[in-house]
Amino acid sequence: MFSSFSLTSSPTGTDLTTDRLVLRTWSPDDITAVLGGIRLPHWAPGFPAEGDRVIASFVADRPEALDAYGQRQIIERESGLVVGAIGLFWPPDEGAVDFGYGVVESRRGLGYASEAARAIVEYAFSAPGVHTVRAEVELSNPASVRVQEKAGLRRRSADGSVARFGVTAAEFARG
């Protein structure tokens, strides 16, 4: 199986680089700006969205969420703009780790969420002890359901409003 990303060093840690994106650990300056309502020039229109503000608050309260397998910004390689966020909710629970993501409206429909999700799922399986990656998606968001499928996850269960997806390392390796 080929890798969907490469690893490179950056000032904030290790970047995951895909064909069109860089997944980079949040910088302290970006966290401070999001929480302070300050707009930075390297952000795409619409960033930060509400979910990005929630994640900035989450990592501000939990510095360990910025570890190697934690929360990252999604950066469009061509422009260098931050277009969203993605991350693993670390540490794993009995070998299973959840992830979440969001892409700004101005960059939706370009396949960025699927590209970033596939990379973060693959990266999660490189962590010692991780054997399952999971995510929950609102059924009212069919595009997000499709992102899970393109990232290699399978629907495990659903109720009236939420679908739960997951994939084991063995399933992911088989494609």
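The values are calculated or read from the model by the stated rules, or taken from the named source; none is laboratory data. These numbers were taken from a predicted model, which means no experiment stands behind them. Positions of Cβ are backbone-derived with ideal geometry, glycine not excepted, and every protein chain shown enters the neighbour counts. Protein only, heavy atoms only, side chains kept; ligands, DNA and RNA dropped before computing areas. Shrake-Rupley method; radii C 1.70, N 1.55, O 1.52, S 1.80 Å.
Projected label points at THR32 and GLU149, each 7 Å from Cα along the beta carbon direction, are separated by 4.5 nanometres.
When the residues ILE120, ILE38 are ordered by accessible surface, computed with a 1.4 Å probe over the protein chains alone, the sequence from largest down reads ILE38, ILE120. With θ taken as phi - 60° and the Karplus curve 6.51 cos²θ - 1.76 cosθ + 1.60 applied, the whole-hertz 3J(HN,Hα) list for the range 28-37 is x, 5, 5, 4, 4, 5, 4, 5, x, x Hz, x standing for glycine and proline.
Within the P(r) computed for the chain, what percentage of the Cα pairs occupies the region above 24 Å?
On the way: 4819 of 15225 pairs.
For the chain, the fraction of Cα-Cα distances above 24 Å is 32 percent.
Entry comment: accessible area of the range 57-175 is 47 Å² per residue, from protein heavy atoms only and a probe of 1.4 Å.
Inter-label distance, GLU136 to LEU40: 3.0 nm, where each label sits 7 Å from its Cα along the C-beta direction. For the chain, find the longest principal axis of its Cα atoms and tell me its angle to the long axis of helix 112-124, 0 to 90°, nearest 10. Tilt of helix 112-124: around 70 degrees. Across the alpha-carbon atoms of the range 23-64, the computed radius of gyration and Dmax are 9.7, 29 angstrom.
What the phi angles of the range 71-81 give under the Karplus curve with 6.51, -1.76 and 1.60, with θ = phi - 60°, is a coupling list of 7, 9, 8, 9, 10, 6, 4, 4, 9, x, 8 Hz, glycine and proline written as x.
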